[in-house]
Amino acid sequence: MSGEHSNREGHRNAAGPNELKFETRLLHFGQEIDEATGASSVPLYQASTFHHHDIHSPPLHDYSRSGNPTRQVLEDYIAQLERGACGFAYASGMAAISSTLMLLSSGDHVIVTEDVYGGTYRLLTSILSRLGIECTFVDMTNLDQVKEALRSTTKAVYMETPSNPTLKITDIEAVSCWAREEGLLTILDNTFMTPLYQRPIEFGVDIVLHSATKFLSGHSDVLAGLAVARTEELGQRLKQLQNGLGTVLGVQDSWLLMRGMKTLGARMAHSEQSAAKLAAWLSGRSDIQAVHYPGLFHHPGREIHEKQSSGYGAVVSFDVGSGQRAKEVLNAVKLPLVAVSLGAVESILSYPAMMSHAAMGEQVRHERGITDGLLRFSVGLEDIDDLISDLSQALEASI
Ligand SMILES: *Cc1c(COP(=O)(O)O)cnc(C)c1O
């Protein structure tokens, strides 16, 4: 399906879009200019249904739940960026995740990274469990633990790397290679890295998922999810689920998401540089208990991360020592949004214990390193000196 509708592919770009560098492909993906009018952006086909000019030959798209030309461009775009066969766009990241997990049936078992996104944890433990889909949470950084969780009913392995919010690193190739030997499907939530920095399909993963609400759209104004299947065959199964469940992304949001994705390279590069400075500055402070950032020299997963990713991302988490102090810092900062979410032009400071991971019991949360003093900083496009002086005054006010 990727490129199926892109007659311009290899046309203006003599080399073909796949041979261009990633940042170029964000802008020149084959369908960026409207074929009919030359318009500089993809037309919004705000239509639910499509006329049959001739009842003997149905139109390419017949109903927007099953397919919409604007959404299709987005779906081809993400498939091309992730180097997969087919892409799918959903109403939210959770819609992408839940629709994909509907590949499983009652009695099936899935092995899941223990520091999975809070919403995915809730989906698995309170909804899919009711449908007879079982899961085991493991420390995915430890391949032996992954292997020990295997049952005769295991059908899939679900990864997230770097994980949220403690930024632990899973060896994508090692887990995928083992899973393939065991005949298991591999799924990876690539929200934190985006295809700019990490393309899991190249390391053997079958399905890549995104909360496109975050870095891909990038402006805290769209809720969206994406999935990319490695093969056409898997793509057809996802297509049936997307259409059957009706979890599709609307036309306006498909357009807005593509608008955001064009600037992914520039936004990420700026934010990452700032995140590295923030992580270094935090590491040098004696009043900070721990700093998690895959680019830090002492990060335990750094070598594996560098093998499979070309960047470290824009999220830094750090422990200010206590829940009391974390709350004081949240109330004292003046620049970042204090909010759930990440990956936007403006910096966002989150408190996982009370926000994204509130659904997790306190004991489980602490076991997974999500301490009461842990804050997560998603670095935006502000000047880093301003962000650091703001955080500095907030930390000093709360000592
Ligand atoms: C936000 C997020 C999700 C859920 O996405 P929504 O768009 O909020 O539904 C899933 N995974 C990760 C890693 C996230 O950060």
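The values are calculated or read from the model by the stated rules, or taken from the named source; none is laboratory data. Computed from a predicted model, the values in this text were never measured in an experiment. Every residue, glycine as well, gets a Cβ built from its backbone with ideal geometry; the counts of neighbours run over all protein chains shown. Quick note on the areas: whole protein, heavy atoms, side chains included, nothing else; ligands and nucleic acids left out. Shrake-Rupley method; radii C 1.70, N 1.55, O 1.52, S 1.80 Å.
A few remarks follow.
- The single condition among (1) over 16 Å from the mean Cα position of the chain (by Cα); (2) on the phi < 0 side of the Ramachandran plot; (3) not β-branched (Val, Ile, Thr) that Gly321 does not satisfy is (2).
- Residues satisfying the stated conditions in the stretch 211-230, i.e. closer than 14 Å to Asp253 by Cβ and in a strand (DSSP E or B): Ser211, Gly225, Leu226
- Qualifying positions in the stretch 172-222 - open to solvent by less than 10 Å² (accessible area, probe 1.4 Å) and over 17 Å from the mean Cα position of the chain (by Cα): Val175, Ser176, Ala179
- One residue from Val110, Val138 being within 16 Å of the ligand (Cβ to nearest atom) and open to solvent by less than 40 Å² (accessible area, probe 1.4 Å): Val110
- Residue list for the stretch 63-109, filter: in a loop (DSSP other than H, G, I, E, B) and among the basic types (Lys, Arg): Arg65, Arg83
- Residues in the stretch 341-399 that are in a loop (DSSP other than H, G, I, E, B) and touching a Leu at 6+ places or on another chain (Cβ under 7 Å) were compared, and the one that is farthest from Leu278 (Cα to Cα) is Ala353.
- Residue in the stretch 278-285 that is under 25 Å from Thr191 (Cα atoms), surrounded by fewer than 17 Cβ atoms within 10 Å (Cβ to Cβ) and aliphatic (A, V, I, L, M) present: yes
- Failed criterion for Ser152 (all others in (1) open to solvent by 10 Å² or more (accessible area, probe 1.4 Å); (2) more than 16 Å from the ligand (Cβ to nearest atom); (3) closer than 24 Å to Val228 by Cβ hold): (3)
One line per residue, one yes/no per condition, for (1) within 16 Å of the ligand (Cβ to nearest atom); (2) farther than 20 Å from Ala229 by Cβ; (3) outside the structural domain of Gly250 (by TED's automatic domain parsing); (4) crowded, with 23+ Cβ neighbours inside 10 Å:
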| position | (1), (2), (3), (4) |
| --- | --- |
| Phe50 | no, yes, no, no |
| His53 | no, yes, no, no |
| Asp62 | no, yes, no, no |
| Gly67 | no, no, no, no |
| Arg83 | no, no, no, no |
| Cys86 | no, no, no, yes |
| Ala96 | yes, no, no, yes |
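- Remark: pairs (first residue in the stretch 179-197, closer than 11 Å to Leu216 by Cα and outside any helix (DSSP H, G or I); second residue away from the ligand (no atom under 14 Å from the Cβ) and open to solvent by 10 Å² or more (accessible area, probe 1.4 Å); Cβ separation under 6 Å; 6+ apart in sequence or on different chains) = Met193/Ser309.
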